[in-house]
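Below: the structure, in structure tokens.
The values are calculated or read from the model by the stated rules, or taken from the named source; none is laboratory data. Nothing here was measured: the structure is a model prediction, and the numbers come from that model. Note that we place each Cβ from the backbone using ideal geometry, even for glycine, and neighbour counts take in every protein chain shown.
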Amino acid sequence: MKVVNVAIAVLAGLIVLLGYFFNSSGLHELRSPLLDWAVTLSGIAGLVAILNLVFGVHLKRLRENHPRKGSSVVILISFAVTLLAGIFLGPADEGFQKLVTHVQVPIESSLMAVLAITLVFAALKILQRHRNWMGFVFFLSVILFLVLNSGVLAFTSEVPFLRDILSSLHQIPVAGARGILLGIALGSLATGIRVIIGSDRPYNG
Amino acid sequence: MADIRCLICNRVNDSSAEHCWYCHTILPKPTGPLTQKERDKLASLKNKITSENNNVPEPPVEEPKKTPPAGSTEEEVPEWLARIRRLKQADELDQPYRPSDWIDEDQPDWLVKLQQPVVEETPETAETSTPAGKFKKPALDESLQIHNLPRESDDSEEYIASLLNAITPAASVDRLRTPGGELEELVENGWYNQSAQIQPLPVGSEDRDDLESDALSAGVEIPVYIEEPAQEPEPAVNTEPAQELPFPLFVDNLPDWLSTEETTKESSIEGKLDADITAGEISEQKIEKGQLPAWLQSLRPSAARSIEESASESTPVLDDRGVLAGIAGTLPGANLSGRVIKPVDFAQELRATAQQRKNADLFQSLLQAPDEPVVMSTDQKTASPAGRFVRFIVTILVLLAVILPILLPGFSVIVPVLFPTEVVNTLGTIQALSADKPVLVAAHFEAGLAGEIDWTAQPVLKQLVSRGIPLALTSTNVQGFTVLQDMVAQAIGNDPVYSMDVNVMNLGYLPGGSIGMGALVNDPLKTLPFTTDLQPVGESAVFGTLNSLSDLGALIILTDNPEFARIWVEQVDGGNAGLPILAVVSSQAAPLVQPYFASGQINGYISGMSGALFYEMLTMRAGSATARFNSYQLSLLLVAVLIFAGGTVSLILASPHSAKKKEAG
């Protein structure tokens, strides 16, 4: 059975990959249904995950009188309201969209704020944990670019020498970004090859 | 015609041949008539030999030819016998290279038998036994008759010539001393006689001089045929047996009285033999070297090589295998056993260089499944009270830095004066857009960064709305299209001309990632045929003519993930060159998008709060960025100060000196 799974995955991957490089009508006819099936399967997989979360985790907590069953009750009510609003109002409804954005955006934004505080606190102790030259470089780089991006050095635009130096410093992140992009490309390539040749089998569970 | 024996390979060749048929060596030419000088030399040699052997005063050179020496002993011995003795004695002297031990060690039976009776029967010397000579004369005649040699009554010239021709090198004697008595068979079959008639003289001028001197010493006048032997070569018949006729054959058939004389002279002859061997070898070497042709000398790497070595090298070669097996004289094939070139042994294993192995290992590591993620231990110590206090102080300071500029209207900040190029290009691109062509706004961002993206994108959306450009919205993630529609609604605000229902079309979620993007680039209506409220896109008055992305005025990417910006750039740039691409990204994605702007794949981009501020300053429309930039700037400065102070304190507290103190305490 595993062989069949691998064969299907490899064949589908090759068809989609060839359609990515060659603009052929035949490949397009094969690729579009595969893409639709993938979207449908991903939606069903999300539904399965939601059902498992509702019935397998939180309802189980209510039945077993779990100490944290209060949070489970909130989650189940929020899920039911959102599901019913989406079914009856539709995803394009403005009320439904405000319901989503006014819940999800503040939550995720608060998480980002906590992340910012955590990063600042971690930066305070960077030299306490990494007392080497790389730690010093990171420490000075963080301070330097925070100051540069704040815009407080705008007066240096009147000084030619400092202006050139700051302009060159702004190019340093670009150089690092190019290296990151190359790494991302290589990683994506390796991942794709692993899936196509059957070395990596995420569909086996 | 007489044959000529090659000096190198010792083979017999025709007298007319100039080169040896076997080894191609130049054959010796037939000698010409004797000159006066040679005659004088022969005479001197004759006198010398006569004086040494017979202890007789050397007669004058002119006399021996005509008048035989007078004496009692000489008178008793017949003249013809004296000549035979002298010739035989001279022949023995002409064989200096005969080894001395040949007589002692390898004496054949017939020779031993010959010597013993002679010693017993003739104790006296041959010279003093005149009756015995008479008595033995019939025996000599018999022996000569057996060998079919001419006798005394024959012509003297032919008789002497037969004797001279019967003389062969001692080496030939060994070949004839066969145990089966082949010698007698040869004699009886007349081989000896034939060879005596055709035997050539494989000697040089010096040898011939010796013979001639013997003849002169014996009082025999040198016949004409001896003086000119090569003028009329005799026909060659059975040359091989003739060459091998030995001198001992002559000795074997000598009469007893002659054998006795041999024993008496044996000691004196052998005494001279050793001395003559050296001289003979030297003369022979000189002869052989002189007869070597120039081309052969040039071929010889070393001139010091002896004749024996040359003879050994010229030994006929017999192949023991192959089609020429057993055939003498054939050139052997080259021994190719050492020249065999073995084919390269290609093993079944793959041979790779170190660099190739390194690359293979790297590729294998890439293909291997990723390691299992390391699960962090939950047994970590909780923060200390001092740590908690520091965290609390940091949180309070950051919140104050964000809130105070908002609450205090008079709080001023340092405004940048230099506008980035990417922002200026973005403004110019949007101003150049046509109001008839819709602009596709593609979003991909998380809800947590929606605030930053919203503040950054608002100046751009407001300008598009102000210009009345239709907008098509899509998103490659689930939350994106919902947040994006809310952003556009905020940008429209209360604009009476621009309507959300007329000028904006939400195409919803675009699945498939890069594949979906590629399909959208190739066929937009087929990829996204319906809006989020399930209205067909083709029926729209504005978007119904949207057959490809080239019908769009521009593509604006809203993302906090540079990966999706890259995918959009790759898809659109490959399929629809010339479509303006703009990007609105968060600050964290700006460095990764900047290379695409530097390469010209993106016409411009706005990143973060500072980018939005620049855009608002350029459009001279104060917005959310202008209102919140003071908080942003103050927060960044505060964070920088906190990190610097905290790092310095950590550096001091965690110094090795303080650590030692802590351990000691």
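Please enumerate the residues belonging to the stretch A:120-139 that are loosely packed, with under 13 Cβ neighbours inside 10 Å and at the interface with chain B (Cβ under 9 Å from one of its Cβ atoms).
Start the filter on the stretch A:120-139 by keeping residues that are loosely packed, with under 13 Cβ neighbours inside 10 Å, which leaves A:122, A:129, A:132-134, A:137.
The one that is loosely packed, with under 13 Cβ neighbours inside 10 Å and at the interface with chain B (Cβ under 9 Å from one of its Cβ atoms): A:R129.
If you check B:D523 against the conditions, is it farther than 29 Å from A:L35 by Cα and of a type in the set (D, E, K, R)?
no
Which count do you get for residues in the stretch B:575-602 that are over 60 Å from the mean Cα position of the chain (by Cα) and either surrounded by fewer than 17 Cβ atoms within 10 Å (Cβ to Cβ) or of a type in the set (S, T, N, Q) (or both)? Walk me through how you get there before you give the answer.
So the first thing to find is which residues in the stretch B:575-602 are over 60 Å from the mean Cα position of the chain (by Cα), and the list is B:579-588.
With either surrounded by fewer than 17 Cβ atoms within 10 Å (Cβ to Cβ) or of a type in the set (S, T, N, Q) (or both) added as a condition, the list becomes B:586-588.
Qualifying residue count for the region: 3.
Which condition number in (1) β-branched (V, I, T); (2) in a helix (DSSP H, G or I); (3) over 19 Å from B:G387 (Cβ atoms) is the one that A:V152 fails?
Tallying (1) β-branched (V, I, T); (2) in a helix (DSSP H, G or I); (3) over 19 Å from B:G387 (Cβ atoms), A:V152 fails exactly one: (2).
Taking the options A:F55, A:F22, name whichever one is of a type in the set (F, W, Y), closer than 30 Å to A:I196 by Cβ and over 26 Å from the mean Cα position of the chain (by Cα).
The match here is A:F22.
In the stretch B:475-491, which residues are more than 7 Å from every other protein chain (Cβ to nearest Cβ), among the β-branched types (V, I, T) and in a helix (DSSP H, G or I)?
Initially, the stretch B:475-491 is screened for residues more than 7 Å from every other protein chain (Cβ to nearest Cβ), giving B:475-478, B:480-481, B:484, B:487-491.
Subset that is among the β-branched types (V, I, T): B:476, B:478, B:488.
Result: B:V478, B:V488.
Select from the stretch B:444-470 the residues that are among the small types (G, A, S) and in a helix (DSSP H, G or I) and write down the one among them that is surrounded by the most Cβ atoms within 10 Å (Cβ to Cβ). Before you say what the answer is, go through the steps one by one.
Of the residues in the stretch B:444-470, the ones among the small types (G, A, S) are B:447-448, B:450-451, B:457, B:466, B:468.
With the extra rule that they be in a helix (DSSP H, G or I), the set shrinks to B:447-448, B:450-451, B:457, B:466.
Values: B:A447: 23, B:G448: 20, B:A450: 28, B:G451: 19, B:A457: 26, B:S466: 15.
In this case the residue turns out to be B:A450.
Just a yes or no: is a residue in the stretch B:406-413 surrounded by fewer than 22 Cβ atoms within 10 Å (Cβ to Cβ), β-branched (V, I, T) and more than 27 Å from B:V521 (Cα to Cα)?
The answer is yes, given that some residue of the stretch B:406-413 is surrounded by fewer than 22 Cβ atoms within 10 Å (Cβ to Cβ), β-branched (V, I, T) and more than 27 Å from B:V521 (Cα to Cα).
Any idea which residue in the stretch B:639-651 is nearest to the other protein chains (Cβ to nearest Cβ), counting only those that are of a type outside the set (S, T, N, Q) and more than 14 Å from A:A116 (Cα to Cα)?
Applying the filter and picking the extreme gives B:G646.
Answer with yes or no whether B:L636 is buried (at least 19 other Cβ atoms within 10 Å of the Cβ), at the interface with another protein chain (Cβ under 7 Å from one of its Cβ atoms), over 60 Å from the mean Cα position of the chain (by Cα) and not β-branched (V, I, T).
yes
Hey, B:D551 hits all of (1) of a type in the set (D, E); (2) in contact with a Lys or Arg (Cβ under 8 Å, 6 or more places away or on another chain); (3) within 14 Å of chain A (Cβ to nearest Cβ) but one; which does it fall short on?
(3)
Would you confirm, using the coordinates I've provided, whether B:G410 is within 14 Å of chain A (Cβ to nearest Cβ) and without any contact (Cβ under 8 Å) to a residue 40 or more places away in the chain?
Values: within 14 Å of chain A (Cβ to nearest Cβ): no; without any contact (Cβ under 8 Å) to a residue 40 or more places away in the chain: yes.
Here the answer is no, as B:G410 does not meet what is asked.
Kindly evaluate A:H28 against the criterion of being loosely packed, with under 15 Cβ neighbours inside 10 Å and either touching a helix residue (DSSP H, G or I) at 6+ places or on another chain (Cβ under 7 Å) or under 27 Å from B:A450 (Cβ atoms) (or both).
Numbers: loosely packed, with under 15 Cβ neighbours inside 10 Å: no; either touching a helix residue (DSSP H, G or I) at 6+ places or on another chain (Cβ under 7 Å) or under 27 Å from B:A450 (Cβ atoms) (or both): yes.
Against the criterion (loosely packed, with under 15 Cβ neighbours inside 10 Å and either touching a helix residue (DSSP H, G or I) at 6+ places or on another chain (Cβ under 7 Å) or under 27 Å from B:A450 (Cβ atoms) (or both)), A:H28 does not qualify.
Need the failing condition index for B:I652 against (1) in contact with a Phe, Trp or Tyr (Cβ under 9 Å, 6 or more places away or on another chain); (2) at pLDDT below 85, just the number.
(1)
Any idea how many residues of the stretch A:94-108 are surrounded by fewer than 17 Cβ atoms within 10 Å (Cβ to Cβ) and closer than 12 Å to B:D486 by Cβ?
4
Scan the stretch B:431-443 and give yes if some residue there is in a helix (DSSP H, G or I), more than 14 Å from every other protein chain (Cβ to nearest Cβ) and modelled with pLDDT of 75 or more, otherwise no.
yes
Name the residues in the stretch A:169-184 that are in a helix (DSSP H, G or I), closer than 12 Å to B:P595 by Cβ and more than 8 Å from chain B (Cβ to nearest Cβ), would you?
Passing the criteria: A:A175, A:G179, A:L182.
Give the residues of the stretch B:511-543 that are away from every other protein chain (no Cβ under 13 Å) and aliphatic (A, V, I, L, M), sorted by residue number.
Selection gives B:L525, B:V537, B:A541, B:V542.
Residue by residue through the stretch A:1-17, note down the ones that are within 12 Å of chain B (Cβ to nearest Cβ) and either touching a residue at least 40 places away in the same chain (Cβ under 8 Å) or farther than 21 Å from B:Y509 by Cβ (or both).
Residues satisfying the conditions are A:A12, A:G13, A:I15, A:L17.
So is B:L546 more than 29 Å from B:G608 (Cα to Cα), away from every other protein chain (no Cβ under 14 Å) and touching a residue at least 24 places away in the same chain (Cβ under 8 Å) or not?
It is true that B:L546 is more than 29 Å from B:G608 (Cα to Cα), away from every other protein chain (no Cβ under 14 Å) and touching a residue at least 24 places away in the same chain (Cβ under 8 Å).
One line per residue, one yes/no per condition, for (1) farther than 20 Å from B:F629 by Cα; (2) within 13 Å of chain A (Cβ to nearest Cβ); (3) surrounded by fewer than 12 Cβ atoms within 10 Å (Cβ to Cβ); (4) at pLDDT below 80:
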residue	(1), (2), (3), (4)
B:A386	yes, yes, yes, yes
B:L399	no, yes, no, no
B:V402	no, yes, no, no
B:P416	no, yes, no, yes
B:P420	no, yes, no, no
B:V423	no, no, no, no
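So, B:T395, is that one away from every other protein chain (no Cβ under 14 Å), among the hydroxyl-bearing types (S, T, Y) and not in a loop (DSSP other than H, G, I, E, B) or not?
Here the answer is no, as B:T395 does not meet what is asked.
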